[in-house]
Amino acid sequence: MQRKLFSSLIVGAALAVTAQAQTVDTSEWVCEFCPFEDGHRAHFEAGATNVSEDSAYFGDATGYDEDGAYANVDGSGMYTGANTRLRWLAEDLGLDSRVIELDGRLPGSLDFNLGYRELPRRQFNTTATIFDRSGSDTLSLPSGWANAGTTSGMTQLASSLVPLNIERDRSIFDLGAGFVASDRWRFSMDYRRQDQDGLKITGGSSFAQASLLPMPFDYVTDEIDIAVRYDVDNGFIAVGWYLSDFSNDNSALTWEQPYSFDPLIGNDTFAIAQAPDNQFQQVSLQAGYSFTEQKTVVSLSAAIGDIEQDASMLPYTVTSSVPTSPLPRTSLNGSVDTTNFALAVTSRVIDKGRIKFSYRFDERDNNTAQDVWNRVIVDTFASTALETNIPYSFERSSLSLSADYDLLDTVRVSAGYDRKDIDRDFQEVAEQTEDIGWGRLRWQPTSALELDVRGGASERDIDSYNEVFAASIGQNPLLRKYNLAYRYREFGDLSMSFSSDKYSVTLNALYADDSYTDSELGITSGEELRVAADFNWTIAENASLYVTAGLEDMESKQSGSEAFAAPDWSATHDDDFTTVGVGFRIRNLAEKVDLQMDYLRSDGASEIIVDTALGGPSEFPELESVLDYLRFRLSYRQSERLELTLNLLYQRFKAEDWALAGVRPATIPVVLSLGAEPYSPDVYAIGIGFRYRVGAHTKD
């Protein structure tokens, strides 16, 4: 998958880490020699980058996931004629993160866009498996494999492990066009196709033992969006149709059992379902109107849709010796109706005041029929219990009312009230409401200084918690799920900014405190604090410096029960993150030479302390992560058209995760793992390249 080329293939000695290519401002370029009527402008970049280490973290979304040399090409441009405008963009053409875009416009009649992009996602490159992919949806054991009851007894495990990266690739193709039929009528159509394939980790259980499996997947999603718009004086109305069609080439994953199995049952093969094919369609209406004399704007949107899932059912089990009854039906025939409605009104009722009202309603009505089903536990034995599928539905509405008033020329005060209601089917809480009140003060005594303060409180209440239903699905009746529990929240945020000819300072802070006073089991409290600051200094006409810093602290407490009764243990979670960045830019450090440096440091730490009635307090190993990112960029402007660049980059992301550290495939006797390790390698990258501008104003 990697398109690696040696740097010797690159013509010239110019320098740039093309993965960090800077956007070129082409807004003032003037073409002196182009043959087009009104002109064109463009820039092109080419270069090579050498990466020192294999790293899933460094290569995630960038394509630089393996050590070695990469060639790359970037560019962008625009052509403008008397009645035509074309723009194009190309990024990372030599990498798995490439982007190609083209859009054009014929003023007053037609516009179009065409795009293609790839996104490589890399999760682990330290994993290994014993399974062979004998098909797109089948994992087979190696030849001569000897089953055992535990991983320590698997004598062929070490010799059968084969490296296998956990990764996926996404490609997106876009095509769209808009047509202006007249001053009133507009038509548009957009099409998008998204392909995803790769491997992800899933658990495969055999009741008492389990295997972490590298599950292959191949998803395709097609989307179509068509709209018609009609403009009237001071308003418009638009009608649209949207389709999303999802398909999965693999309906199930089948794997051979690496553990010892019961020869009487013969369950040496297991299977697990994958995401089924499904389709969503929606018809929408949008409208807006401005009452100029009343200084009022009204907007409205409404939509109805339908989700369908009629993929063929898989059998209860792939183990033929397990007795099962016939499936109630061959397909789920799932159907969900969706309804959306939104209304917003904004009005300046007086010269110094404005009010805003908005209302939104969302409904998911699950019409899927219910049936009674058998259950086969991990392809091994049939359960005597019968279960009914649950077609979850909900109605959700939100109302918001706010007002602004210019108390003084430099002071604006605001206040607002929000109300959220939700009704659910087949859940512990059928009706839930949340009331939110807030106030805000904005003060701008000068054009350089601004202060913005906001604070408020919210109360989320429930009609009742259905303990009978909770017990019917195996929950402790005292448990309150965090999203269904009563919660009282106090919050506030502050932002301040100051700017002058040479300096600019920005400060942001947010605080929230949550209390779950009616929860005996579950989360009982939560607290969050975030602070961020930025400082920019223009030292001289050719030099600037910036410093940024951030802090985030989140703490929560929960209670639980080992005895399925009253609380007998509690846990405290404390997550802390700090970030510091600094950088400078110097233009004309030497003649035609520019220098740029950026450094970022981010630290994260998570502590989990458990206090039990019998064992007292105990602490899990601390989870830590450290990111260091350092980049130097040196550029030489040989002319106003040609720029040579050199980039040096260092990145370290080190994680300490007790759930991964030291957990090899055979470490846990009854879990055959993939041996994923925490991220740790230091990565160095050096790049050389050049940038050439076409159509730019030059004296050469």
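The values are calculated or read from the model by the stated rules, or taken from the named source; none is laboratory data. What you see is a predicted model, and the numbers here were worked out from it, not measured in a lab. Cβ coordinates were reconstructed from backbone atoms using ideal geometry, including for glycine residues, and neighbour counts include every protein chain displayed.
Things to note:
- Lys420 meets all of the listed conditions (1) in contact (Cβ under 8 Å) with a residue 24 or more places away in the chain; (2) under 30 Å from Asp351 (Cβ atoms); (3) not hydroxyl-bearing (Ser, Thr, Tyr) but one, namely (2).
- In the condition set (1) surrounded by fewer than 16 Cβ atoms within 10 Å (Cβ to Cβ); (2) under 22 Å from Asn278 (Cα atoms), Ser383 is compliant with all but (2).
- Among the residues of segment 145-162, the ones that are more than 40 Å from the chain's Cα centre (by Cα) and not in a loop (DSSP other than H, G, I, E, B) come to 2 in all.
- Cβ pairs under 9 Å, 6+ apart, first in segment 342-367 and not in a strand (DSSP E or B), second not charged (D, E, K, R): Lys352/Tyr405; Lys352/Leu407; Asn367/Gly334; Asn367/Ser335; Asn367/Val336; Asn367/Pro391; Asn367/Ser393
- Taking segment 202-279 and the strands (runs of 3 or more DSSP E) fully enclosed by it, the elements with 3 or more residues that are closer than 30 Å to Ser290 by Cβ, at pLDDT 95 or above and of a type outside the set (Gly, Ala, Ser) are at 210-232, 235-248.
- Residue match in segment 114-123 (condition: part of a loop (DSSP other than H, G, I, E, B) and either among the polar types (S, T, N, Q) or under 32 Å from the mean Cα position of the chain (by Cα) (or both)): no
- The residues of segment 616-654 that are surrounded by 18 or more Cβ atoms within 10 Å (Cβ to Cβ) and not hydrophobic (A, V, I, L, M, F, W, C), listed by number, are Arg631, Arg633, Ser635, Glu643, Thr645, Asn647, Gln651, Arg652.
- Among the conditions (1) in contact with a Gly (Cβ under 7 Å, 6 or more places away or on another chain); (2) without any contact (Cβ under 8 Å) to a residue 24 or more places away in the chain, Asp67 misses just one, which is (1).
- Among residues of segment 98-134 being in contact (Cβ under 8 Å) with a residue 60 or more places away in the chain and surrounded by fewer than 15 Cβ atoms within 10 Å (Cβ to Cβ), the one that is farthest from Asp195 (Cα to Cα) is Gly108.
- Test: Asp603 is in contact (Cβ under 8 Å) with a residue 24 or more places away in the chain, within 30 Å of Ser639 (Cβ to Cβ), out of contact with any His (no Cβ under 9 Å at 6 or more places or on another chain) and of a type outside the set (Lys, Arg): no
- Within segment 379-395, the set of residues being closer than 30 Å to Ser206 by Cβ, hydrophobic (A, V, I, L, M, F, W, C), free of Cβ contacts under 8 Å to residues at least 60 places away in the same chain and not in a loop (DSSP other than H, G, I, E, B) comprises Ala385, Leu386.
- Residue within segment 309-318 that is at pLDDT below 95, crowded, with 18+ Cβ neighbours inside 10 Å and over 28 Å from Gly198 (Cα atoms) present: no
- Where Asp657 falls short, out of the listed (1) surrounded by fewer than 18 Cβ atoms within 10 Å (Cβ to Cβ); (2) within 30 Å of Asn147 (Cα to Cα): (2)
- Scanning segment 644-654 turns up no residue that is outside any loop (DSSP other than H, G, I, E, B), within 26 Å of the chain's Cα centre (by Cα) and within 30 Å of Thr150 (Cα to Cα).
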